[in-house]
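Notes to accompany the following structure.
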Amino acid sequence: MNIRKYQVLKRTHELGVVGIIRTADVKAGVEAAGAIFEGGIDVLEVSTTFRGSFDIMKEASARHKAKGLILGAGTVADPESARLCIESGAEFIVSHCFSEEVARLCNRYGVAYMPGVGTVTEIVRAMEWGAEVVKAFPGETLGPSFIKAVHGPLPNAQIMPIGGVNPGNLEDWFKAGAFAVGLGSALVKPGGREADAETIRRTAGEIVSRIAEIRKKV
């Protein structure tokens, strides 16, 4: 058993939210990561869809890992990219799809793998390859009812939605049984516009408090 892997998963579940950084601007990405972390969300995912993502990971890890930051990488579809992410400081790997090759590499390095799924068959396959948590994607299409329905035949499936999650529907997702949720634009672009660091910090704190309140009721 890799203890650190389960510490990462445990903290993700306890917190209930993963902050997602999606930007081609390295400086803006590092600053947003710092603001989200300072606001109380200490589990962050950096999307690899933009050039500079590895630089964001390395710098954010150097600045905040010693203070408790758990850093992951998102949109990782191949083992070569997954290895680069791990070497850049990623402690969990998230993807929009499932890959046996990525699963194998993550298992080898003792890193949590959260592949994207959209059907029960995909969830079962991912679980059989060692994925303790799967990503319901796209969340805006699947909706909270997807998680509730899946938990009928698969009560042990741990599902984290990404896409379509916002402060207004957090309660719906957690009532449906979400393991945690992923939030990107709702943190860095509240109101639809790029926010400054103070606004991001405040928004992150509000999200953490809101999730804690919801979980007391569900």
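Toward the positive end of the charge dipole of the chain, about the Cα centre and with charges on Cβ (Lys, Arg +1; Asp, Glu -1), which of Gly192, Gly29, Pro167 goes farthest?
After comparing all options, I get Pro167.
How high is the relative contact order of the range 43-153, in percent, counting Cα pairs under 8 Å that sit 6 or more residues apart?
RCO, the range 43-153: 19 percent.
Report Rg(Cα)/(2.2 N^0.38 Å) for the range 46-116, keeping two decimals. Could the numbers behind the result be given before it?
Details: Rg = 11.2 Å, N = 71, 2.2 N^0.38 = 11.1 Å.
Here the Cα radius of gyration is 1.01 times the empirical estimate.
With every protein chain left in place, what is the accessible area of Thr119 in Å² (1.4 Å probe, nearest 10)?
Rounded to the nearest 10, the figure is 60 Å².
Let me know the charge dipole size of the chain about its Cα centre in debye, to the nearest 20, where only the beta-carbon of Lys, Arg (+1) and Asp, Glu (-1) is charged.
That gives a dipole near 460 debye.
Determine how large the accessible area of Glu213 is when every protein chain is in place; take a 1.4 Å probe and give Å² rounded to the nearest 10.
Using a 1.4 Å probe on the heavy atoms, I get roughly 100 Å².
Using a probe radius of 1.4 Å on heavy atoms only, what accessible surface per residue do you get for the range 105-218? Whole Å² is fine. It would help to have the intermediate numbers written out before the result.
Working: 5390 Å² over 114 residues.
Accessible area per residue, the range 105-218: 47 Å².
Quick check: at a probe of 1.4 Å, how many percent of the accessible area of the range 145-205 sits on carbon and sulfur atoms?
47
What's the extension gain from Cys97 to Asp55 if we count 0.36 nm per residue and subtract their Cα-Cα distance?
12.7 nm
With 27 Å as the cut-off, how large is the P(r) tail for the chain, expressed as percent of Cα-Cα pairs?
Beyond 27 Å sits 24 percent of the P(r) for the chain.
Charges only on Cβ, +1 for Lys and Arg, -1 for Asp and Glu: so what's the dipole of the range 1-120 about the Cα centre, in debye to the nearest 20?
300
Tell me the trypsin sites (Lys or Arg not before Pro) within the range 137-218 that lie in a loop according to DSSP and have at most 15 other beta-carbon atoms within 10 Å. Intermediate results must be reported in sequence, preceding the final value.
Values: sites: Lys148, Lys175, Arg193, Arg201, Arg202, Arg210, Arg215, Lys216, Lys217; in loops: Arg193.
Counting only loop positions with at most 15 other Cβ atoms within 10 Å, the trypsin sites (Lys or Arg not before Pro) in the range 137-218 are Arg193.
Return the sequence-ordered ³J(HN,Hα) values of the range 61-68 in whole Hz as given by the Karplus equation 6.51 cos²θ - 1.76 cosθ + 1.60 applied to θ = phi - 60°, using x for Gly and Pro.
5, 4, 7, 10, 4, 5, 8, x
Can you tell me which lysines have their Cα less than 21 Å from the Cα of Lys10? Leave out same-chain residues fewer than eight positions away.
Within the straight-line cut-off, Lys10 pairs with Lys65, Lys67, Lys135, Lys175, Lys216, Lys217.
Setting aside same-chain residues fewer than 8 positions from Lys5, which aspartates and glutamates have a Cα under 14 Å from its Cα?
Once the sequence-local aspartates and glutamates are set aside, what remains near Lys5 is Glu91, Glu132.
Roughly speaking, to the nearest percent, how much of the range 1-61's 1.4 Å accessible area is carbon and sulfur?
For the range 1-61, the apolar C and S fraction of the accessible surface comes to 51 percent.
Asn2 label point, 7 Å along Cα→Cβ, cut-off 15 Å on backbone N: hits in the range 104-137?
104-115, 129-133
Could you give the accessible area per residue of the range 1-56, probe 1.4 Å, as a whole number in Å²?
Value for the range 1-56: 45 Å² per residue.
Can you tell me the convex hull volume per residue for the range 159-204, based on C-alpha atoms, in Å³ to the nearest whole number? Could the numbers behind the result be given before it?
Working: hull volume 3.2 nm³, N = 46.
In the range 159-204, the Cα convex hull volume per residue is 69 Å³.
Largest first, how would Asp78, Asp196 line up by accessible area (1.4 Å probe)?
Details: Asp78 55, Asp196 90 Å².
Per-residue accessible area, sorted high to low, gives Asp196, Asp78.
The values are calculated or read from the model by the stated rules, or taken from the named source; none is laboratory data. Computed from a prediction, not measured in an experiment: that's the story for all the values here. Please note: Cβ atoms are built from the backbone with ideal geometry, for glycine as well, and neighbour counts cover all protein chains shown. Protein only, heavy atoms only, side chains kept; ligands, DNA and RNA dropped before computing areas. Shrake-Rupley method; radii C 1.70, N 1.55, O 1.52, S 1.80 Å.
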